[in-house]
């Protein structure tokens, strides 16, 4: 069933404008998002899903489609089409991508003929740079051709699109190939069902694409060349092609992959179109913020997360189910079940052994991270539990509830130590200082309170927000308190004096979570505006803005501060790593 103009998708986030086109299994639409920006919505054709030949393979089709979206999301580059959202609509998987106004190079050379060599080389260099990133991610594009390269209107910029045939590869490994390919641009090994994979597959296609750009003609398909039909050199078809370009194209299209350049970098160097080096690259220093790169995406898992302070463990929530993953490999380690309603909060002890979960079923559960077994259930709250926090010595558990109270518990015995009262509305977030002496709480009553963990007495109340306070975090040295509110602000406070240090603004929607790096230098915040922002705590300066697929619910640093995880409302988790080199020409990194 085709979508008609005016059709609303993904909770009214997108409105269909018109159909753009359809291919073998996919169909694309032009749409507008809530900000009135044009986007391309890609989904699967229902005719394919319902075709008798494809019905047994529906699950694989949906899985492969989502994989394409995630592959694209990992490959963030100015010359690669960007994914904005991944979602399901009417049981169809969909992805929303940037709309590139312009035309593809296939149409351009069909209508206008061969391009000038200098122009063609610039586009090939740009796409080559994009491919280098793709290969660094362990992927092959496998469908490079002029019609998969869009030109931005009014700009000499080429953008690589359509990752539908992209596949993971291990260089030199023997793997099965899909049957899909484009004659003329696919090398001989892509026709073989089982063959080695390497970057040289995309080298052939990139060289064949340049062949088309400078001659205006489709290259001879590899099977015909294997039957001893001779491929005319580009210079034979266009006398203005330089000897260097002519030689590079022919070497890049060598039938024997061992005779081709083995990487895009090597071929671009042969071509004389090596990637432009970064402008003044320098080693990261305190006044030169490092860049952040998305290294993992876990789809459809959870929007609420916690990272183990000791081990390589990521805890995530999917309604009432808790998943434990390896934050390095993405491997699912175990699944925990037992809550009867949705889990609102997760926390892991500093030794990485105990997991605490707070649920809307009014209970807190303690679990063994190693075995996944439930240790005990704590009861006493009269409404849902919104937040849990474990002291650094692993002895005290704090829980905050919609019943407006905070309870302190013994982790060892599960006994309630005391109840703290003072908030007039829901308690949304808790944090315990590293010395175990101070408890911070944020509430829907628009206040933050500091408490003595030892006595349970309220130390002070911090005011200044105009909406609910949703998240609190204390720096490892116990000096700085970070809070965020649905009034779109972030505030930094002195724990010692209770005085506000500064207010940070920049998010365009509710700010939902805050986290402070272990060295106390960086603050991470996330928002319903689908971004994670990184701030320099000492100055309040925004360092980076990272994009997510949907409204971001929670954010957490890895123990060493070099990793960052965030979960969104569509159940996607992204993990970023901080690099040591920073390109001064890039001010905002959207990974």
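Any read-out appearing in this document is the output of simple, stated calculations on the displayed coordinates, not a laboratory observation. All values derive from a computational prediction rather than experimental measurement. With ideal geometry, Cβ positions are generated from the backbone for all residues, glycine too; neighbour counts draw on all protein chains shown.
Computed values, structure above
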quantity	calculated
Distance from the range 339-380 to the range 479-502 (C-alpha centre basis), Å	28
Relative packing of peptides 31-43, 118-130 - highest average C-beta neighbours within 10 Å first	118-130, 31-43
Which of 460, 94 has the fewest Cβ neighbours within 10 Å, and the rest in rising order	460, 94
Degrees between helix 58-74 axis and first principal axis of the chain (Cα, 0 to 90, nearest 10)	80
Spherically averaged projected area in nm², based on the convex hull that wraps the Cα atoms of the range 520-578	3.7
Peptides ranked, highest mean first, by Cβ atoms within 10 Å: ranges 398-407, 529-538	398-407, 529-538
Cα-based shape type of the range 190-258, given that a ≥ b ≥ c are square roots of the gyration tensor eigenvalues and the cut on a/c is 1.5	prolate
For the range 110-271: rounded, prolate or oblate by the Cα gyration tensor [a/c cutoff 1.5]	oblate
Cα-Cα separations in the range 304-421 greater than 24 Å, expressed as whole percent	18
Quarter of the Cα convex hull surface for the chain, i.e. its orientation-mean projected area (nm²)	28.7
Helix-only mean residue ellipticity at 222 nm for the chain, each DSSP H run of n ≥ 4 adding -39500 (n - 2.57), per residue, nearest 500	-4500 deg cm²/dmol
In degrees, nearest ten, helix 243-252 long axis to first principal axis of the chain (Cα)	70
Gap separating the Cα centres of the range 188-231 and the range 64-98, nearest whole Å	28
Zero-based 5 Å bins, Cα pair distances in the range 321-370, whole percents	5, 19, 30, 25, 15, 5, 1
Crossing angle, helix 200-215 versus the chain [Cα axis fit, 0-90 degrees, rounded to tens]	50
